[in-house]
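What follows is a single structure, written as C-alpha cells, with notes after it.
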Amino acid sequence: MNRRGFSLIELIVVMSLIGILVAIAALNFNSWQTKYNIEAQVKEMLADLTGARLMAIQTKREHRIILNPTSYAFWRYTGESVASDTRVFNKQTKYPIQQFSDSGTLSNFSNTTITVDERGYTSDLLTIAVGIGLGNPAYDCLVVQRARVNMGKINGNKCVY
C-alpha cells in the first residue's frame, strides 16, 4: 500500500473529468438562460401591451404601439397630428421580434402600428414571434386579438396559446 499521495497521472485524469463536467454544465446553463430570457421578454411584452390597452381605457384616448425588430414604443394619440402625439415609453428588446403569419412565414417589423381605441379594442390583429430558433422556451409568441393579447408557443405554422 502506497501512502505517499496521488500520482501525476491520477491528478491529470481527475482534473480532466472535472473540466469536462464543468464544460457540459456551462453549455446547459447558457441554453437555460436563453430560454428563460426569451420567456421573460414575452411576459414583459404581454404586460406592456395589456398596459397600453388599460391606459387607453383610463385616459379615454387612442394609443398606438409601434413595433420594430429590436424595439417597441407606445404613443398617446392626441387627435391633432402625428407630430403632436405623446410618447408614453420606448423599450429595447434583447431578442428580435418578428411578425408571424398564418402561413407560418416570418417577416420583420418596420414601424408596424397597433392602434388601440379608447375602449381598449384594436383591429390590428397579428402574431408576434420572439427569438425564433433560440433555445426552447415554453412561450415564444404573442397573439394580438381584438380585445386581448395571448401568449403561446409556435407549433408548426401557428401560435398555440
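The values are calculated or read from the model by the stated rules, or taken from the named source; none is laboratory data. Keep in mind that what you see is a predicted model, and the values were worked out from it rather than measured. Ideal geometry is used to build each Cβ from the backbone, glycine not excepted, and the neighbour counts take in all protein chains shown. These area figures cover heavy atoms from the full protein model, side chains too; ligands, DNA and RNA do not enter into them. Shrake-Rupley method; radii C 1.70, N 1.55, O 1.52, S 1.80 Å.
Odds and ends about this structure:
- Stokes-Einstein diffusion for region 22-93, with the hydrodynamic radius set to the Kirkwood value over Cα pairs and evaluated at 10 °C in a medium of 1.306 mPa s, equals 111 µm²/s.
- Of the residues Leu126, Leu54, ranked by 1.4 Å probe accessible area with the largest first, the sequence reads Leu54, Leu126.
- Placing +1 on the Cβ of every Lys and Arg and -1 on the Cβ of every Asp and Glu, with no other charges, gives the chain a dipole of roughly 380 debye about its Cα centre.
- Between 0 and 90 degrees, the angle of helix 8-59 with respect to the longest Cα principal axis of the chain falls at about 10 degrees.
- Calculated FRET efficiency for the pair Lys94/Ser7, C-beta based, R₀ 41 Å, to 0.05: 0.25
- Other residues with beta-carbon under 9 Å from the beta-carbon of Thr115 carry, at +1 per Lys or Arg and -1 per Asp or Glu, a net charge of -2.
- The chain, relative contact order in percent, only Cα pairs under 8 angstrom and at least six apart counted: 21 percent
- Among the trypsin sites (Lys or Arg not before Pro) found in region 17-76, those both in a DSSP coil and sparsely packed, with 15 or fewer other Cβ atoms within 10 Å of their Cβ, are Lys60.
- Net +/- balance of residues flanking Ser101 in space, Cβ distance below 15 Å, scoring K and R +1, D and E -1: -1
- Here is how the number arises for the chain: DSSP H runs of 4 or more residues each give -39500 (n - 2.57), the sum is divided by the residue count, and the result at 222 nm is -12000 deg cm²/dmol.
- Counting lysine pairs in the chain that sit 8 or more residues apart in sequence, or on different chains, and whose Cα atoms lie under 24 Å apart gives 13.
- For q = 0.12 Å⁻¹, Debye-computed log10 I/I(0) when each Cα of the chain counts as one equal scatterer: -0.59
- For the chain, with all protein chains in place and a probe radius of 1.4 Å, 57% of the accessible heavy-atom surface sits on carbon or sulfur.
- Accessible surface of Tyr139, taken over heavy atoms with a 1.4 Å probe and every protein chain present, rounds to 80 Å².
- Pairwise FRET efficiency - Phe29 versus Ala147, Cβ, R0 = 35 Å, nearest 0.05: 0.30
- Relative contact order for region 1-79: 14 percent, from Cα pairs under 8 Å spaced at least 6 residues apart, divided by residue count.
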